[in-house]
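Visitor: Okay, here's the structure, questions in a sec.
The values are calculated or read from the model by the stated rules, or taken from the named source; none is laboratory data. If you're wondering where the values come from, they're calculated on a predicted model, not measured in any experiment. For neighbour counting, all protein chains shown are included, and Cβ atoms are generated from backbone atoms with ideal geometry for every residue, glycine included. We work out accessible area using only protein heavy atoms, side chains counted, and drop any ligands, DNA or RNA first. Shrake-Rupley method; radii C 1.70, N 1.55, O 1.52, S 1.80 Å.
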Amino acid sequence: MILVERVTKKFKKIPAVSDLSLEVGQGEVVGLLGENGAGKTTTLRMISTVLSPTEGRIVVDGMDTLQRPEEVRKRIGILFGGETGLYEKLTARDNIAYFGRLYGLEERTIRERTEELAKRFDMAGFLDRKVGGFSKGMRQKVAIARSVVHDPAVILFDEPTSGLDITSANMFRRLVQEFKAEGKTILFSSHIMSEVERLCDRAVILHRGELQYNGTLEALFATHGSRDLDEIFMNIVGAGGAR
Ligand SMILES: Nc1ncnc2c1ncn2[C@@H]1O[C@H](COP(=O)(O)OP(=O)(O)OP(=O)(O)O)[C@@H](O)[C@H]1O
Ligand SMILES: [Mg+2]
């Protein structure tokens with residue numbers, strides 16, 4: 001579903017991602033791990049067509065991100081960490097609808113989908129309130145709902161649980177499991193090892209823009225003789241990138 005082939009991204013000649021290849025199959029959940037500056041956000045941005053690779057190519061659902069960016073965008077839902085970029089003066093419902101229109105959905109579809117998402121995300125109580133007074137967890141729910149309003153086949157989340165409390169983070173984790181059960185393809189970055197361990201079929205570890213590991217966590221645990229992902233991670237990156 002997602003194919004990243006020998007991709008390099010340079011910012012002013014400095015590589016942020018180097019010769020990266022990876023695949024995420026349909027219905028697979030893959031965690032993107034790496035310390036600050038490892039290239040996680042850059043990778044997700046390139047897959048989402050926001051950034052162009054300097055070299056290599058990316059294909060989403062059979063479509064090249066450079067040749068058919070609009071088609072690719074229709075098939076993916078994106079949630080980038082930090083600021084959710086919601087319109088404070090609009091209600092949660094109108095924020096979601098606004099995105100639905102950007103994706104070219106019909107009003108009726110937007111209405112139905114919003115109701116469905118509100119039920120699923122337990123947002124009915126604040127769906128028609130302005131986002132301005134929302135807590136971080138409420139905002140994140142709206143941001144997630146907005147990112148999947150067009151029912152995308154591929155979901156990209158950049159540090160989706162950072163800054164969330166346990167209840168909101170758990171809500172997010174449940175959602176990922178539901179999306180997976182629906183057959184969606186999910187690639188998300190995280191600094192939380194236990195989250196990746198719990199949710200992902202596979203982990204991809206980046207260090208300074210280079211792929212350090214791509215495989216199941218079980219295999220990684222077996223190789224290192226430990227189930228402590230934090231310790232393994234420190235071994236991999238601490239060794240200066242030895243594989
Ligand atoms: N727009 C940009 N211009 C210049 N350099 C950039 C730009 N975006 C990212 N970089 C650089 O690319 C490298 C990878 O950054 P990236 O944001 O992808 O890392 P990350 O793994 O998401 O880190 P974090 O965990 O801190 O979010 C960093 O060295 C960063 O400074
Ligand atoms: Mg990042």
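Visitor: Could you name the aspartates and glutamates in cross-link range of LYS141, using Cα to Cα under 12 Å and dropping any fewer than eight places away on the same chain?
Guide: Cross-link targets: ASP122.
Visitor: Working from the pairwise distances between different alpha carbons, so that the mean of 1/r is found and then inverted, what is region 1-114's Kirkwood radius in Å?
Guide: Hydrodynamic radius (Kirkwood, Cα only) of region 1-114 equals 15.8 Å.
Visitor: Ok, one more. Please report the equivalent ellipsoid semi-axes of the chain, computed as sqrt(5 x eigenvalue) of the Cα gyration tensor, largest first, in whole Å.
Guide: So the equivalent ellipsoid measures 31, 21, 16 Å along its semi-axes.
Visitor: Expressed as a whole percentage, what fraction of the accessible surface of region 1-73 belongs to carbon and sulfur atoms when a 1.4 Å probe is rolled over the protein heavy atoms?
Guide: On region 1-73, the fraction of accessible area on carbon and sulfur atoms equals 44 percent.
Visitor: Roll a 1.4 angstrom probe over the protein heavy atoms and tell me the percent of accessible area of region 89-243 that is carbon or sulfur.
Guide: Reported share for carbon and sulfur atoms: 50 percent.
Visitor: What percent does the relative contact order of the chain come to when contacts are Cα pairs within less than 8 Å and at least six residues apart?
Guide: Relative contact order, the chain: 27 percent.
Visitor: Using a 1.4 Å probe, what is the accessible area per residue for the chain, in Å²?
Guide: On a per-residue basis, the chain sits at 48 Å².
Visitor: Sorted by mean Cβ packing within 10 Å, highest first, what order do the peptides 131-140, 144-153, 174-183 take?
Guide: 144-153, 131-140, 174-183
Visitor: What value does region 154-243 have for Rg/Rh, both radii from Cα atoms and Rh as Kirkwood defines it?
Guide: 0.98
Visitor: Taking N as the number of residues in region 99-220, what is its Cα Rg relative to 2.2 N^0.38 Å?
Guide: Its radius of gyration relative to the 2.2 N^0.38 Å reference: 1.17.
Visitor: With an 8 Å cut-off on Cα pairs and a minimum separation of 6 or more residues, tell me the relative contact order of region 30-130 in percent.
Guide: Here the relative contact order equals 18 percent.
Visitor: Where the centre of each part is set by its Cα atoms, how far does region 194-216 sit from region 56-86, in angstrom?
Guide: Cα centroid of region 194-216 versus Cα centroid of region 56-86: 20 Å apart.
Visitor: Going down the table (LYS9/LYS74; LYS74/LYS136; LYS89/LYS136; LYS10/LYS40; LYS40/LYS136; LYS74/LYS184), which pairs top 19 Å between alpha carbons?
Guide: Beyond 19 Å: LYS9/LYS74; LYS74/LYS136; LYS40/LYS136.
Visitor: Something else now. For Cα pairs less than 8 Å apart in space and 6+ apart in sequence, what is the mean separation divided by the residue count of region 120-209, i.e. the relative contact order in percent?
Guide: Relative contact order comes out at 28 percent.
Visitor: Same structure, new question: Relative to the compact globular guide of 2.2 N^0.38 Å, what is the alpha carbon radius of gyration of region 169-211, as a ratio?
Guide: 1.24
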